[in-house]
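Beneath this line is the structure, given in structure tokens, with notes to follow.
The values are calculated or read from the model by the stated rules, or taken from the named source; none is laboratory data. Predicted, not measured: the structure shown is a model, and the values here were computed from it. All Cβ positions, glycine included, derive from the backbone under ideal geometry; neighbour counts span all protein chains shown. For accessibility, only protein heavy atoms count, side chains too; no ligands or nucleic acids. Shrake-Rupley method; radii C 1.70, N 1.55, O 1.52, S 1.80 Å.
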Amino acid sequence: TIRALYKAQCHAMLDALAKEMAGLDVQWNSPDGGMFLWARLPEGVHAVDLLPKAVYLGVAFVPGTSFYADNADPRSLRLSFVTASVEQIHIGVAALAQAIREAVSQG
């Protein structure tokens, strides 16, 4: 039951990312399992700097630098798809895309 729920949530996030991140030069993986996926922001946008804007817009993520022993990628971030409903995932990814658009435009 849990695996089926996580799979549906994962697919919802992948679908939302494909829709909302179009044209933003954001990359992400397609996990085979688990509870998270990884994304990489456009050149010049650092996850730590983006986080306050994203939180202001109602979505949070974990900057990827927290997961590196060295040579951290400041553009990486981890997204959880199991802590939100499918509807919340779509709303959150749209808010994240808005934050990224604003960061890119402020360049």
ask   = In segment 75-88, what count of residues is obtained for those that are open to solvent by 40 Å² or more (accessible area, probe 1.4 Å) and under 14 Å from GLN27 (Cα atoms)?
value = 1
note = When (1) closer than 26 Å to LEU5 by Cα; (2) part of a helix (DSSP H, G or I); (3) open to solvent by less than 90 Å² (accessible area, probe 1.4 Å) are applied to THR65, the one that fails is (1)
Per-region count, segment 1-34, residues outside any helix (DSSP H, G or I) and among the small types (Gly, Ala, Ser) = 5
Close pairs (8 angstrom Cβ cut-off, 6 or more residues apart or separate chains): modelled with pLDDT of 95 or more in segment 10-25, of a type in the set (Phe, Trp, Tyr) and crowded, with 18+ Cβ neighbours inside 10 Å anywhere = CYS10/PHE81; ALA12/PHE81; MET13/PHE81
ask   = Within segment 14-37, is even one residue of a type in the set (D, E, K, R) and in contact with a His (Cβ under 7 Å, 6 or more places away or on another chain)?
value = no
ask   = among the aliphatic types (A, V, I, L, M) and open to solvent by 30 Å² or more (accessible area, probe 1.4 Å), is that true of ILE91?
value = yes
